[in-house]
1. Need the full-extension length gain, Val309 to Thr266, defined as separation in residues times 0.36 nm minus the C-alpha distance. One decimal, nm.
2. Using a Förster distance of 30 angstrom, determine the FRET efficiency expected from the C-beta separation of Leu155 and Asp279, and round it to 0.05.
3. Order of 261-274, 363-376 by packing, highest average Cβ count within 10 Å first?
4. In whole Hz, what ³J(HN,Hα) sequence does region 331-345 give by Karplus (6.51, -1.76, 1.60; θ = phi - 60°), x for Gly and Pro?
5. On a 25 Å Cα-Cα criterion, which of the cross-link pairs Lys158/Lys197; Lys181/Lys450; Lys367/Lys444; Lys195/Lys257; Lys158/Lys356; Lys158/Lys195 come out too long?
6. By how many nm would the segment from Lys453 to Arg358 lengthen if fully extended, with 0.36 nm per residue of separation less the alpha-carbon distance?
7. Return His67, His189, His35 ranked ascending by Cβ neighbour count within 10 Å, so the fewest neighbours appear first.
8. For Ala167 and Arg83, compute 0.36 nm times the residue count separating them, minus their Cα-Cα distance, and round to one decimal in nm.
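Bear in mind these aren't lab numbers, they're just calculated from the coordinates by the rules spelled out. This is a predicted model, so every value here is computed, not measured. Cβ: placed from backbone, ideal geometry, glycine included. Neighbour counts: every protein chain shown.
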Amino acid sequence: MDSRYIERNLKLVDYIDGMMIVDKDCIIRQYYSAHPDIGNLTQEDVIGRSLFDVYPTLRREDSHIYHCIRTGEPSINYEQSYRSFKGDVVNSSCTTLPIREKGEIVGAIDMVIYKDIRAKEKRLSLDVNVIDLLTRNQNRSYDLADIVTADPRMLAIKEKIRNTANASSPVLVYGQTGTGKELVVNAIHRCGPRKGKPFIAQNCAAIPSTLLESILFGTTSGSFTGARDTQGLFELANGGTLFLDEINSMELEAQAKLLRVLEEGTVRRIGDKVSRKIDVRVVAAVNEDPEECVRSGKIRADVFYRLCVIRYDIPPLRQRMGDVPLLMDYFRKYYNRKLGVNIIGYSDEVVDIFMKYRWPGNVRELKNVIESAYQVNLGPILTADNLPERIVAGSGVLVGGELPQTGLSLTEMVNNFEKSIIAGAYARSHGSLTAAAAELKISKQTLLYKLRKYGLVPDVK
């Protein structure tokens, strides 16, 4: 069984009470419970054991998991009571889905909501919890002002958002993880006429493909075991925007259904014969090169071309290092407000480290590093002592007179030092070549050459 599948689906534990993954022989490979006192089972008790050993009163002919593996048919929101080998009885609402690799069923994933603790909340159905998860953070709103930048490419993106705000065409956003795709997508929604309408986001990598189709398109009572008449996200987003993140993780079959919705402007619930007219602007995002995703078969070519009517390519932070000082100041003010403290700035060492670090996690990593520094800081400024060791080591900066064990050559260290000086001067000048060159006492031509050399500005001829 593909471990990546297991890791991906373990993200579901944010909104369910328990999860179990079994292989085709009903051997338990993963087990999770948010309430270990219910059922009184640990991972050590169950992993590697047969489902029917752990639950000895469960018969194969009565097991939805066994049925799912044999037939490939999912069971949605069925109620079940079962007793473990320890004698504890658990009452639950369950959803069981098959796991396929290359078309072959290799196991099943079983997700549960514990009735004993959820009864009072009237949240016994998995689909209800899914919708709760998808919508609980939708009140978070960002606009163009939240895109903090002085980089020409990012400024061009902001201008493009303004110019295309009234369009209803599909949008494709490409950027590495942590570059700020969510900010861009929110700004697209809030700058146009759909601002006051629903904005719903779905990470396509966080949900199993069989469940994803139900979430997107909705279900009809009787279409499969436990199915009910349920609106999908397309219907819920009607009049507004549906953001499909990591669409390169969506199964090709689901992509084909997505294409039909994009082409026809209608959606058909699973098991239904009726198509419903919808008005939804679809914004999709990928964290891998889109053209490469098409070549490798991760994204259907027809879906790619349909989505790519309007496209935004967000550069990684290492290619726009002039934004680092601006973001540092932005996050300092943000965490001052959030945590009720008054950090007035950063030490010169911190600035040097941040300007020399490559930021593989992009803006999100920068934000998280600053948040981490706040947790351990005791003074009015953030110092190098407040930073994670990996950040200091990865920058190659001398801290406290000792060279980090980075394996950098003298040339690399000299280049890093020069880069930080130039980036600092350029940031202080707010992007003015004349002012930065004057501060550094070099010509504008030399400064521009070095800015391009170190990836601080686009290498545009």
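1. Values: separation 43, 0.36 × 43 = 15.48 nm, distance 1.90 nm.
Working it through step by step, the gained length comes to 13.6 nm.
2. Details: r = 31 Å, r/R0 = 1.04.
The calculated FRET efficiency here is 0.45.
3. Working: 261-274: 15.5, 363-376: 17.7.
Ranking, from highest mean packing down: 363-376, 261-274.
4. Taking θ as phi minus 60°, the curve returns 6, 4, 5, 4, 6, 4, 5, 5, 9, x, 10, 9, 7, 8, x Hz for region 331-345.
5. On the way: Lys158/Lys197 21 Å; Lys181/Lys450 29 Å; Lys367/Lys444 32 Å; Lys195/Lys257 27 Å; Lys158/Lys356 27 Å; Lys158/Lys195 16 Å.
In this structure, Lys181/Lys450; Lys367/Lys444; Lys195/Lys257; Lys158/Lys356 exceed 25 Å between Cα atoms.
6. On the way: separation 95, 0.36 × 95 = 34.20 nm, distance 1.46 nm.
Stretched out fully, the Lys453 to Arg358 stretch lengthens by 32.7 nm.
7. Values: His67 18, His189 26, His35 12.
Lowest to highest Cβ neighbour count: His35, His67, His189.
8. Working: separation 84, 0.36 × 84 = 30.24 nm, distance 5.63 nm.
Residue separation times 0.36 nm, minus the Cα-Cα distance, leaves 24.6 nm.
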